Number of protein chains: 2
Amino acid sequence: MELAEPTIAQAVARCAAAGAQRVVIAPYFLSRGRHVQHDIPELAAEAAAANPGVECIVAEPIGIDSLMAQLIENRVRSAALHGAAIDPAAAAPAVAVAAGSGRGSSSSSSSDAE
Amino acid sequence: MELAEPTIAQAVARCAAAGAQRVVIAPYFLSRGRHVQHDIPELAAEAAAANPGVECIVAEPIGIDSLMAQLIENRVRSAALHGAAIDPAAAAPAVAVAAGSGRGSSSSSSSDAE
């Protein structure tokens with residue numbers, strides 16, 4: 001959000017340069033978390049302050065929607081038709097999981113056989 | 001994902017108890033990150049191992065979709081019609097932002113006027 005370009009500041013400035021008087025900022029987030037509640041309104045306020053005469057409105061996040069239900073149903077149907085079953089043998093043995101979490105992230109150790 | 005109930009293990013066990021022979025797990029994530037690529041397949045493999053005779057298939061995440069484009073467009077239209085403009089004066093002064101980031105998360109200090 002703060003990293004990907006165009007940033008909110010850049011995008012609002014471009015809209016302003018193109019003559020926009022009102023800019024709607026639509027948060028591409030599934031739910032109303034910290035980014036949607038605090039960070040995006042703050043960045044929108046900064047963008048509005050930097051572009052006098054341009055109104056910034058923050059839209060609702062994606063949220064619950066029948067279109068999303070339909071989209072997920074499509075994913076499920078497609079997986080049922082074309083998806084490969086997960087190999088149960090790919091499950092990590094419980095002992096290895098416990099040993100791994102006790103040692104912190106040791107993914108760089110190369111010959112760590114147990 | 002590991003915290004919210006039902007967990008993948010619980011949900012697959014319920015499906016198995018209800019007689020399912022094939023379970024599709026649909027990741028409710030916008031894109032193909034670590035959870036979708038590693039964590040969910042691993043939890044699905046564990047669930048498959050715990051429920052012999054039940055096939056687990058992991059669906060694609062939400063991803064790019066014309067339904068999502070339509071959903072976002074609806075959010076933008078609704079904001080344009082009913083949304084309130086952000087108050088530019090709500091933007092945090094640059095000095096306060098810099099001071100805040102230098103101190104780490106000090107949100108518990110109650111009278112921290114600058």
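Derivation of every value follows stated rules applied to the coordinates shown; laboratory data play no part. Since the model is a prediction, treat every value here as computed from it, not as a measurement. Glycine also receives a Cβ, built like all others from the backbone with ideal geometry; neighbour counts cover every protein chain displayed.
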*Placed amide H near residue A:57: partners under 5 Å, 5+ positions off or other chain*: A:23, A:24, A:25, B:86
*Note the distances from residue A:39 to each other copy's matching label point, with points 7 Å along the Cα-to-beta-carbon direction, in nm, sorted shortest first.*
1.6
*Please state the charge dipole magnitude for the range B:8-102, taken about the Cα centre, from unit charges on C-beta atoms (+1 on K and R, -1 on D and E), reported in debye and rounded to the nearest 20.*
120
*Distance between Cα centroids, the range B:23-60 to the range A:71-86: provide it in whole Å.*
11
*Where does the charge balance sit around residue B:50 when Lys and Arg score +1, Asp and Glu -1, over other residues with C-beta under 15 Å from its C-beta?*
-3
*Which Cβ of chain A lies nearest the axis of the rotation superposing A onto B, and at what whole-Å distance?*
A:67, 2
*Sort shortest first the distances from residue B:10 to its counterpart in every other copy, using label points 7 Å along the Cα-to-beta-carbon line, and give them in nm.*
4.3
*Run through the other copies and list how far each one's label point is from that of residue A:53, in nm with one decimal, shortest first; the point sits 7 Å from Cα along Cα-Cβ.*
7.4
